[in-house]
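Student: This structure is in structure tokens; I'll ask about it shortly.
All of the numbers you see were taken from the coordinates with simple rules; none came from a lab. This structure is a prediction, so every number in the text was calculated from the model and none was measured. Cβ atoms come from the backbone with ideal geometry, glycine included; neighbour counts cover every protein chain shown.
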């Protein structure tokens with residue numbers, strides 16, 4: 001796949017830390033999920049962390065991110081509050097959506113994470129609308145819209161991309177192509193020989209594809225896409241090829257279901273974004289084993305804290321059932 | 001004595017509301033297919049494009065789903081979009097953003113964000129509008145918690161309710177009946193508000209309560225005029241806000257009259273009229289002297305030919321007949337409706353295509 005220039009050392013270290021942190025958080029959620037206390041459908045980002053981290057490394061706080069059902073990595077990479085996210089998974093009043101959303105409805109307005117919802121495609125148009133608002137207000141602000149390969153099959157994807165192109169809106173659409181929509185492979189959803197990136201090119205939009213498991217590739221492509229959109233040249237589209245390690249929804253391995261062709265899983269495991277990037281930075285002399293241990297220690301402490309916070313937080317009181325029906 | 005109130009058409013009142021809101025609040029913008037064009041959504045966006053420019057009166061691709069999401073995103077980021085659909089049916093393509101997103105956003109994110117969005121939908125009737133240019137789906141929208149659903153019936157309320165809807169912090173489905181567009185009525189100058197919520201009593205009367213929505217208030221008024229000559233008084237309660245539905249004025253009226261007719265321009269089964277009847281029966285059964293009556297569309301798609309649509313839409317005389325029956329008055333024979341009769345226009349001055 002594409003090779004990319006090495007980013008500056010401080011950026012590279014930041015990317016590695018970001019990938020490692022999300023992997024560790026998702027790992028902890030997997031462990032805790034088994035306790036049956038996080039009672040909401042949860043779609044893990046494990047294996048796809050480099051895409052979120054490589055894109056969000058470019059973003060300013062005020063720039064707006066939307067996402068879909070598999071949003072943990074995007075939320076965390078954009079700076080979403082970890083404590084509020086875990087509390088949300090536990091259904092607590094201190095959750096980022098006050099317990100009313102769960103894993104599929106993350107939000108952190110202070111971090112520029114506008115919202116995530118599980119209806120595939122729905123937040124694409126909403127992200128475009130956020131960009132439109134900024135243009136109407138005379139101060140364009142970039143919108144980044146994360147979605148998966150399945151979303152490219154929705155009408156709203158095409159409608160949104162077309163409108164963003166008509167209005168030259170500052171939007172970057174990031175498609176993480178992990179080959180599956182639930183268990184349905186690309187082959188039953190897209191004609192053979194047509195790449196997802198061509199769909200965006202067909203709309204006359206600046207579009208590139210690359211290895212979503214290589215943080216350097218993602219960082220470089222995202223940099224180009226974001227420069228393009230920030231400069232007012234219209235929307236940009238990235239197809240980042242990656243792979244979902246776990247079941248569609250839930251913390252388990254699902255290889256026993258037999259829908260993955262033989263050897264596919266192993267081939268992608270051999271291209272683990274975390275391992276790949278760790279090895280590369282060690283080879284470049286940018287991190288040592290001690291650095292990695294120290295980072296792991298910091299992140300573990302952060303997660304411990306957040307888990308304690310989430311577990312010890314109260315549930316929303318009963319009077320919150322009818323709260324927030326309407327804004328006043 | 002004050003000067004006689006200024007008269008304006010329903011559509012003129014809508015256009016004036018939009019103009020006033022856009023003039024005073026830069027966050028307000030209009031988007032819709034043809035919003036800035038010469039037809040100006042039957043005149044309801046007349047003059048706005050010239051005055052405010054193409055950015056604030058935004059034409060759009062034929063992408064109702066995507067563009068509704070765009071409007072939601074813009075609303076989340078501080079704008080107050082007013083979206084227009086020249087027929088309600090086109091909003092059917094946007095049920096996901098309306099029902100799953102706009103209606104839920106405030107609640108599902110714990111009250112942190114809201115969607116101040118108005119979606120105008122025009123209900124067509126007559127001149128062969130047929131099955132896909134005539135549906136009055138207020139009951140669908142009113143069924144969804146988190147949406148507000150408004151159906152103005154008078155020029156005064158069209159303006160005052162639209163201003164309230166635009167100023168509201170929630171998604172408002174604003175349903176306009178095409179046959180109301182050319183009616184005249186008193187409309188004050190400047191900004192005023194009709195609060196979303198409590199129904200208005202359009203006419204006082206002692207004998208029978210008619211709860212009506214949108215265009216059916218006009219049919220109710222026709223019935224009331226006719227019955228007044230017979231000494232039978234109708235009290236007309238106009239439910240201009242179907243969600244949230246404040247049933248207080250309906251129940252107060254039934255307490256007085258003991259007789260209830262609900263006239264709604266939607267379908268009968270699982271419709272808004274059923275909701276009104278249920279509320280009254282649950283809470284005021286003892287006040288009812290007679291079983292309530294629903295006057296609605298039959299549960300059928302709208303036929304295009306007037307030879308059939310003449311028998312599809314309920315008329316004022318149907319309301320009058322029900323009122324006579326509830327009040328124990330003898331029925332009045334009515335001339336039979338002929339299939340070729342021109343009941344497919346709101347009045348004689350009207351000509352097609354719309």
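Student: Label residue A:137 and residue B:62 with points 7 Å out from Cα along Cα→Cβ: what is the distance between them in nm?
Tutor: 3.4
Student: Moving to a separate point now. Assuming 0.36 nm per residue, please report the length gained on full extension of the stretch residue B:193 to residue B:290 beyond their Cα-Cα distance.
Tutor: Gain on extension, residue B:193 to residue B:290, equals 31.3 nm.
Student: Binning every alpha carbon pair distance of region B:238-354 at 5 Å from zero, what are the percents per bin?
Tutor: 2, 10, 17, 19, 18, 14, 10, 7, 2, 0
Student: Let me ask something else. Taking only Cα atoms, what is the 0 to 90° angle, nearest 10, from helix B:316-326's long axis to the longest principal axis of chain B?
Tutor: Once rounded, one gets 50 degrees.
Student: Now for a different question. Which one, B:249, B:195, B:331, has the greatest fluctuation when you compute a Gaussian network model over chain B with C-alpha springs under 10 angstrom?
Tutor: In the Gaussian network model the winner is B:331.
Student: If you don't mind, another one. Quick check: pseudo-label points 7 Å beyond the Cα along Cα→Cβ at residue A:231 and residue A:198, how many nm apart are they?
Tutor: Placing both labels 7 Å along Cα→Cβ, they lie 2.8 nm apart.
Student: Can you list the residues of region B:225-251 with backbone N under 15 Å from a point 7 Å past the Cα of residue B:25, pointing along Cα to Cβ?
Tutor: No residue passes the distance filter.
Student: Rg and Dmax in Å for region B:207-288, alpha carbons only: what are they?
Tutor: 12.2, 36
Student: Can you put B:253, B:200 in order of Cβ neighbours within 10 angstrom, beginning with the fewest?
Tutor: Least to most surrounded, the residues fall as B:200, B:253.
Student: For the protein assembly as shown, what is the mean residue ellipticity at 222 nm derived from helices alone (per DSSP H run of n ≥ 4: -39500 (n - 2.57); sum divided by total residues; nearest 500 deg cm²/dmol)?
Tutor: My calculation for the protein assembly as shown gives -11500 deg cm²/dmol from helical runs alone.
Student: Which of B:274, B:139, B:113 moves most in a GNM of chain B, Cα contacts under 10 Å?
Tutor: The residue with the greatest mean-square fluctuation here is B:113.
Student: Mean projection of the alpha-carbon convex hull of chain A over all orientations, in nm²?
Tutor: 17.5
Student: If you build a Gaussian network model of chain B, linking Cα atoms that sit under 10 Å apart, which residue out of B:307, B:320, B:17 swings the most?
Tutor: B:307
Student: Still on this structure, I have one more. What's the exposure ranking of B:123, A:182, A:307, going from fewest to most Cβ atoms within 10 Å?
Tutor: Least to most surrounded, the residues fall as A:182, A:307, B:123.
Student: Next up: Alpha carbon centre of region A:163-208 versus region A:17-74: separation in Å?
Tutor: 22
Student: Between residue B:336 and residue B:228, what is 0.36 nm times their sequence separation minus the Cα-Cα distance? Round to one decimal in nm.
Tutor: Length difference between fully extended and current span is 36.6 nm.
Student: Still on this structure, please answer the following. So, how do all the Cα-to-Cα distances of the protein assembly as shown break down into 10 Å bins, in percent, from 0 on up?
Tutor: In order of increasing distance, the bins hold 3, 14, 22, 21, 16, 12, 7, 3, 1, 0 percent.
Student: To make sure I understand, if each residue's beta carbon is the centre and we count other beta carbons within 10 Å, what order do A:94, A:295 fall in, fewest to most?
Tutor: A:295, A:94
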